[in-house]
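Some notes on the structure that comes next.
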Amino acid sequence: MSDNGRSSANSWLMLLLAGGFEVGYALSVGGSQGFTRLEWSLVAVVFFLLTLWALSVALRTIDVGIGYAVWAGIGAAGAALLGPVFFDETLTPVKALWLGLIIAGVVWLKLADRPANTEKPAAERHDAERIVAAR
């Protein structure tokens, strides 16, 4: 894998981490009950700073529109899936269907971000070599 490919993979891993921090932020804000519970409020501030840091690192090489959409999608889906686990919330089949659509969209965005193969086919390389050699 090239350095550029490694950089892209690292950026996507950082974006996933940012999404995880965003889920933690959303859940801790919910637990803070409007920032009236100190311990949950402090956890929310830590997750907020972590998610912004990780997102900013990921956006060094990922387009802002794509990165933000993936980050927000992970945060929304994660909070909706874990909300019923930590709080008195419900996850209906209709909500689960739409969350599945968000997750599918995130996967397709990642697939669309793959760099195009920039290497020329062998026949084109040989033609260029013959032209240069003929000069």
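Worth pointing out:
- For the stretch 92-101, the Karplus equation 6.51 cos²θ - 1.76 cosθ + 1.60, evaluated at θ = phi - 60°, returns couplings of 7, x, 5, 4, 4, 4, 5, 5, x, 5 Hz by residue, with Gly and Pro reported as x.
- Inter-part distance where the stretch 14-32 and the stretch 43-93 are each reduced to a Cα centre, Å: 5
- Overall, the anisotropy analysis places the stretch 3-80 in the prolate class: the square-rooted eigenvalues a ≥ b ≥ c of its C-alpha gyration tensor yield a/c not less than 1.5, with a/b exceeding b/c.
All of the numbers you see were taken from the coordinates with simple rules; none came from a lab. Just so it is clear, the model here is predicted, and its values are computed rather than measured.
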